[in-house]
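The structure appears right after this line, and notes come after that.
The values are calculated or read from the model by the stated rules, or taken from the named source; none is laboratory data. A quick note: this is a predicted structure, and the numbers were derived from the prediction, not measured. Neighbour counts run over all protein chains shown; Cβ positions are idealised from the backbone, glycine included.
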Amino acid sequence: MSTYVISGGKKLEGVVSVSGSKNASLPILAACVLNNGITKLYNVPNIHDTKVMLDILKYLGCRIKKNRDKIVIDARKIEKYEIPEELMRKMRSSVILAGALIGRFKKATFSCPGGCDIGARPIDLHLKVFENLGINIVKDTGYIQCKCDTIEASKITLDFPSVGATENAILASVFAVGTTTIINAAMEPEIVDLQNFLNKIGAKINGAGTNEITIKGVTNLKDSGYKVMPDRIEAGTLLCAGAITGGNITLKNVIPEHITPVIQKLEECGCSLKIKGDQIMLRSPKKLKAIDIKTMPYPGFPTDMQAIFASILTIAKGTSVIIENIFENRYKYASELGRMGAKFTIEGRTAIIKGVRKLNGANVQATDLRGGAALVLAGLASKGKTRVENIEYILRGYENLDTKLNSIGAKITKEV
Ligand code: UD1
């Protein structure tokens, strides 16, 4: 397990660029399985989760070439339809490979997925989607087998706008006979990126970004290239890193509309933000103000930014209230922040944070991806040294977080 050692108290100043989106890259990488040909992807972040996804693609039989910013995926010779348990356990999003395999080969076998421990995270909605498309599901000793002769285009109504289930519905129905409609679909920008990618390689999908998506089945896809969108959660994290240190930073390569609620909440905290094209300039106030937050599906406030904001609110003036509506177990980081002097009261889905004057450096442990990033931010603002252990969680989803923060004035070293 590796550790970040952070010397706190440095104001962040300067320009930093946002990497490609993790949550857009993962379904797009899975979607490459659908193309019986060669697909080129650009701007895929070099992080643990994308490496796991590429490992699974290789295991299935894809040939993969990587050079600098480009990944070339040749999916012509796939000969396996089973995702091995050890790879599945490494990452929850491996479940979206099921939709892609079913879409192309009408069969897939997988175990229940792993990922960050932030709640029960069942896959019932994914399985319902497959059943709706006429896919036969057999559960057998921890494995789930999906099979069908034809994929029947259908009307799918999701009980909840699950991001992963929406992606699986799209992937599984690209070649369905007829038109599939997804009602109550997730509206996240990553779904739009998946649609744009699939349409670029020949699919016929409409409506992503709204709660109703239609997929007109096609018979084949074509070779093409696609650049993945910037990571909106990394963008929000970097802005919050600026804010918690009282810094002034400029973000490059960001799509500001994707982070509207994050910008609004930072403004409520007293920050001033200016948008110019794909750049955002943030100026921090002398003292941040307490605010209230409720996480919601897009376009509401993202659950993935919940821990990050909690971190900055630990030193805001006043008392903040956070309500986590998406995952039921997403406050594990709070007791670690408590070791640094933060004042949290957690009750079910609610966190009450009483702002303190300052945090003190401490030895803390990352408990999940975003919770880990929250600890790094707290370390940046703390007096003295902070050691964030188990940074493997952070490396799952942030590309070079330490070097990026160091380039704008932080002092972080990595101990392996
Ligand atoms: C995706 C994101 C994750 C983000 C989440 C919500 C990726 C790789 N991950 O995760 O970073 O936090 O969206 O924005 O894109 N649920 C069920 N049954 C299911 C599926 C989901 O009950 O079959 C529940 C989940 O337990 C959770 C809620 O629905 O409480 C939202 O989950 P979902 O939108 O599916 O999130 P993910 O796709 O897993």
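Any idea which residue in the stretch 141-198 is farthest from the ligand (Cβ to nearest atom), counting only those that are assigned to a strand (DSSP E or B), hydrophobic (A, V, I, L, M, F, W, C) and surrounded by fewer than 16 Cβ atoms within 10 Å (Cβ to Cβ)? It comes out as Val177.
Pairing residues of the stretch 124-138 that are in the same structural domain as Ile156 (by TED's automatic domain parsing) and aliphatic (A, V, I, L, M) with residues that are part of a helix (DSSP H, G or I) and surrounded by fewer than 19 Cβ atoms within 10 Å (Cβ to Cβ), at Cβ distances under 7 Å and at least 6 apart in sequence or on separate chains, gives Ile137/Glu131. Scan the stretch 269-283 and tell me whether some residue there is hydroxyl-bearing (Ser, Thr, Tyr) and either in contact with a Leu (Cβ under 6 Å, 6 or more places away or on another chain) or loosely packed, with under 15 Cβ neighbours inside 10 Å (or both). Yes - at least one qualifying residue is present in the stretch 269-283.
Counting the residues of the stretch 302-320 that are closer than 12 Å to Ala378 by Cβ and away from the ligand (no atom under 16 Å from the Cβ) gives 5.
Considering only residues in the stretch 383-401 that are more than 20 Å from Lys332 (Cα to Cα) and of a type outside the set (A, V, I, L, M), the one that is nearest to the chain's Cα centre (by Cα) turns out to be Glu399.
From the list Ile47, Ile28, pick out the single residue that is under 24 Å from Leu239 (Cα atoms), assigned by TED's automatic domain parsing to the domain that holds Leu133 and either within 16 Å of the ligand (Cβ to nearest atom) or touching a strand residue (DSSP E or B) at 6+ places or on another chain (Cβ under 7 Å) (or both).
Ile47 is the lone residue from the list that is under 24 Å from Leu239 (Cα atoms), assigned by TED's automatic domain parsing to the domain that holds Leu133 and either within 16 Å of the ligand (Cβ to nearest atom) or touching a strand residue (DSSP E or B) at 6+ places or on another chain (Cβ under 7 Å) (or both).
Pairs are defined by a Cβ separation below 7 Å, a sequence spacing of at least 6 or placement on different chains, a first member in the stretch 179-190 that is more than 22 Å from Ile151 (Cα to Cα), and a second member that is outside any strand (DSSP E or B) and away from the ligand (no atom under 12 Å from the Cβ); the pairs so defined are Met187/Gly209; Met187/Asn211; Pro189/Met229; Pro189/His258.
Within the stretch 1-57, take every residue that is polar (S, T, N, Q) and over 20 Å from the mean Cα position of the chain (by Cα) and give me the one that is nearest to Ser382 (Cα to Cα).
Ser7
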